[in-house]
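First the structure, in the form of structure tokens, and then the observations on it.
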Amino acid sequence: MRGLVGTNWEATPGAGPANYASVTVYEVKPGKTADFSALMKQLSETVKKGGKAKGFYVARISYGASWGEYHVVTSDDSLADIPTSGTSHRAAMGEVAMLRLEREAERVH
């Protein structure tokens with residue numbers, strides 16, 4: 001796995017592992033890698049702004065997967081901190097920005 005520059009962070013570096021991790025797998029369309037990268041940077045900032053996640057990591061799978069496979073991992077200390085259906089992202093971004101983000105996600109994967 002190779003980390004995607006500009007998207008990865010820990011709320012408290014060196015604080016130890018989180019209790020829970022949420023993993024989402026994306027298959028990015030050929031020619032859409034730059035768009036996906038920009039989208040993940042925006043999502044990373046949104047998750048950070050939400051204040052509950054302990055960390056956010058995006059990685060491209062180098063071996064054993066198809067070319068455009070990315071894994072997005074968000075770490076949390078509590079199940080209650082894991083957003084359901086984008087609720088915390090929507091609150092952090094606002095409705096219009098979240099709808100734009102959702103449309104863009106459909107376009108790149």
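The values are calculated or read from the model by the stated rules, or taken from the named source; none is laboratory data. Computed from a predicted structure; not experimentally measured. Using ideal geometry, Cβ is built from the backbone for each residue, glycine included, and neighbour counts are taken over all protein chains shown.
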Among the residues listed as Ala97, Ala59, Ala38, the single one being at pLDDT 80 or above, farther than 25 Å from Tyr20 by Cα, among the aliphatic types (A, V, I, L, M) and outside any loop (DSSP other than H, G, I, E, B): Ala38
From Ala53, Ala18, residue being at pLDDT 80 or above, over 27 Å from Val96 (Cα atoms) and not in a strand (DSSP E or B): Ala18
Every residue from the range 62-80 that is touching a residue at least 40 places away in the same chain (Cβ under 8 Å) and either closer than 16 Å to Ala21 by Cα or acidic (Asp, Glu) (or both): Glu69, Tyr70, His71, Val72, Val73, Thr74, Ser75, Asp76, Asp77, Ser78, Leu79
